[in-house]
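Computed from the coordinates by the stated procedures, all read-outs in this text should not be read as laboratory data. For clarity, every value in this text was computed on a predicted model and none was experimentally measured. As a convention, Cβ positions derive from the backbone with ideal geometry for all residues, glycine included, and neighbour counts pool all protein chains shown.
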């Protein structure tokens, strides 16, 4: 029995037992459904073994939406607990676990895969490529992310969730103060997902640099591709830092090293430094592709080219550089002295300049345009004012002396939600609505879409604006309760109402998907938004090979110019097309990684050694495998093309 | 758009009504450091408000003027590359604003990291504030007394807090006297504060440090020097001495009420600075600082606990 004790939850509650039952029943239902409808073969052939960037993108999308739900439920519980003073809904331990997982899930397992989803689906189409540079590596990236996310998510029913915050500062996250395996989950699950992300970074950098259609020079790339390139360069530079920090943390917890402990020469603030050397660039990894999405959408629905293309590109490159020079602003209060704080205060404020340039360029893109407010455009229009508020409060936080008062308060919480929700989440929802017809062959309902956008914005304002005020009134973050005498009650109640309105907004999005699947017209053109870039130049649904003939590009808005100025995109004749083969190895490796991670979390050394060998065997097999892909014959291409053209 | 403006107005009205009765803690400073910070905050709020209004105005203008519904059907928006002048303005004006704020920020940085303005003539009162799960211990080496979970301070004298922790990282924060600073187990940090007016203030650990963080608070009472001296005398005559055993009991994780002792734990349980530090920080300022200050201010105390 001793052996099994370790898997028990250290702080059980009825809610957790209910979740256990729910998870069990859902899994049984899914397995039974797959068997009953005889879908195992379909699932394996078309999804689990696919190396097609479009399908991988859709799998990222589904994962991101699931995690959005999980992180959202966490958020509602947190706000419900704080809605009234001295509430007893959650105790301190559960509150701590929930805000820790809320942060990790939302940043790493919701926002990141959402970005990856759009990047995977759109970038190859936008540069006129047939897939990414390393399709099988791409599949492996996805499965590592997915298994990392799943490993993290089972923590609350097996062994206990991490409870040291999403930043997991040592020594609090060390064995002395976090005894459960929760922080092991944090270290290992993020490690596995992080390795996947790092591989994505390398993959997309290579893809964008080497696989663009003929004629598409760097300065003729669409803005979303540019933003993805910059984000992936940041990934390649930032994620190794996380890998190392997590490895050191794992060793501290499992092998008794002293990197971050407070005695034997360990340095607790070393973790904080390493974490934020990765963590700050990470927020730009999220926001830059979001900026790219907004650029595409604003330009499409203003019916105008993007204003100041060059300054848009340069400001992104400058932001990327700066993102590595500001990490210490996350702990101005560490006591590193006035000089260090001054330097980091100035570099942090400097980021506001290129970001401001982007805001003004979007505004000037609207100038002399012919603005049409569709759902994606509505998100973009709401983004500009809401994000500006978040941006300027960022400048306020950058004043390091004043930050001594903002640090660790709800003001800070309000600020980063104020940039991430209108900045990243709205962009992802806008991108989802915008690219939905390309992905699935029908449009989402516009009326429901706009309702959701307004509900989310109103809910957002109600949920987060009060936090700026309670923060300045001294309400510290991450506190599970407060007394009535503090007077924080009414504003926290407003926040809770805002959170509920946001939940309704997300429910409307889910309903919209259901409604549109049932009722939306399947008879749409390949270019329903009258857009400007190459991804709209191919058929809907997009054929496996993306483009029957590789497009020839000679302007930034190649597709728009082909529509308006009669430039010819597709000059060549059909030729046989070389495509990569599907492979089960990435999925199997992902599963082995899951078992590896689970063994690591609980210190089960024999399975750990076996799975480690398994991982190396998979890699060795790949090295000796002769897989040169396959060709799609000219006849087959012709047949597909005629069918797709006829379908319109 | 009208809907949104109405909403924002309603929101701000709610916010001001709800909080209107009392000023916000951080914006109601009772000491020079908190004053500097509150001034910075208000200054940046006004400048940022201006930027927000410019962006809002531009956005509203563009949306009203260039809506598709307001234009003829065959209007084709022109291709505009961008103009050097507009770009220069978009870069230049923000640079000026950021430069100004940077200047203010640097100036304030040096102010809050030094003895508060107007208090330079008197030697600061040194208080060692250390946290343990989930309590605060305040040691007064000059007075040779120690308190738990409450802090009495004299007005019109600068305060120099030496911060460290017997556990996770905590953050020592008295919002109305000034911003916070971390207390860590392997080094000592210094926070300069001062109280202008007598009164009772709220203090807390602001940094998440586990289960008991929410209740990790302490009361601060600022009083004139004479009253403070009286209190010290009273403590010396009534409180029990702090023994090593008693202190080890106090360090046990949990919550405790207020208590008072004569003597400090500094003698038998020295703070992690100098040779007692977790590691050598090289030229870290907060590390050198306490040692220098010590020999100047209370050489007696210092030499004593060096001998131990």
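Here A:259, A:146, A:426, B:202 are placed in order of increasing Cβ neighbour count within 10 Å, fewest first, which gives B:202, A:259, A:146, A:426.
Using R0 = 35 Å, the C-beta based FRET efficiency linking residue A:40 and residue A:645 works out to 0.55. Distance between the modelled labels on residue B:67 and residue B:123, one decimal in nanometres: 7.3 nm (7 Å Cα→Cβ projection). Each principal axis of the Cα atoms in region A:184-331 has its own extent, and those three values, largest first, are 62, 30, 22 angstrom.
Under the criterion of Cα pairs below 8 Å and six or more residues apart, the relative contact order for region B:59-214 equals 18 percent. Working from label points 7 Å from Cα in the Cα-to-Cβ sense, the residue A:517 to residue A:17 distance is 3.4 nm. Of the beta bridges in the protein assembly as shown, as assigned by DSSP with both residues counted there, near 70 percent are antiparallel.
Our summary of shape: the Cα atoms of region A:414-472 have principal axis extents of 49, 19, 8 Å, ordered from largest down, in whole angstrom. Remark: spin-label model distance residue A:251-residue A:237 equals 2.6 nm, labels positioned 7 Å along the Cα→Cβ axis.
Once both axes come from the Cα atoms, what is the angle between helix A:112-126 and the longest principal axis of chain A, in degrees from 0 to 90, rounded to 10? For helix A:112-126, the angle is close to 20 degrees. The angle between the Cα long axis of helix A:585-602 and the longest principal axis of the Cα atoms of chain A comes to about 0 degrees, rounded to the nearest 10.
The angle between the Cα long axis of helix A:634-646 and the main principal axis of chain A comes to about 80°, on a 0 to 90 degree scale.
Using only Cα atoms, what is the ratio of the radius of gyration of chain A to 2.2 N^0.38 Å?
For chain A, the normalised Cα radius of gyration is 0.96.
What residues from region A:213-256 fall in the zone where the backbone N is under 15 Å from a label point 7 Å along the Cα-to-C-beta line of residue B:81? Of the residues in region A:213-256, A:219-220 have backbone N under 15 Å from the label point off residue B:81.
Computed over chain A, relative contact order equals 17 percent, with contacts defined as Cα pairs under 8 Å that lie 6+ residues apart.
Stretched out straight at 0.36 nm per residue, the stretch from residue B:53 to residue B:200 would grow longer than its current Cα-Cα span by 49.0 nm.
Calculated FRET efficiency, residue A:31 to residue B:243, Cβ-Cβ distance, R0 = 60 Å: about 0.40 to the nearest 0.05.
Per-residue Cβ neighbour counts within 10 Å put B:90, A:591 in the sequence A:591, B:90, beginning with the fewest.
For region B:89-164, the spread of Cα positions along the three principal axes, ordered from largest to smallest, is 60, 36, 16 Å. Of A:562, A:345, the sequence from fewest to most neighbouring Cβ atoms within 10 angstrom is A:562, A:345. On full extension, the segment bounded by residue A:606 and residue A:91 gains 181.7 nm, given 0.36 nm per residue less the C-alpha separation.
What does the C-alpha gyration tensor say about the overall shape of region B:83-133? Classify as rounded when a/c is under 1.5, otherwise prolate if a/b is larger than b/c, or oblate.
Note, shape of region B:83-133 comes out oblate.
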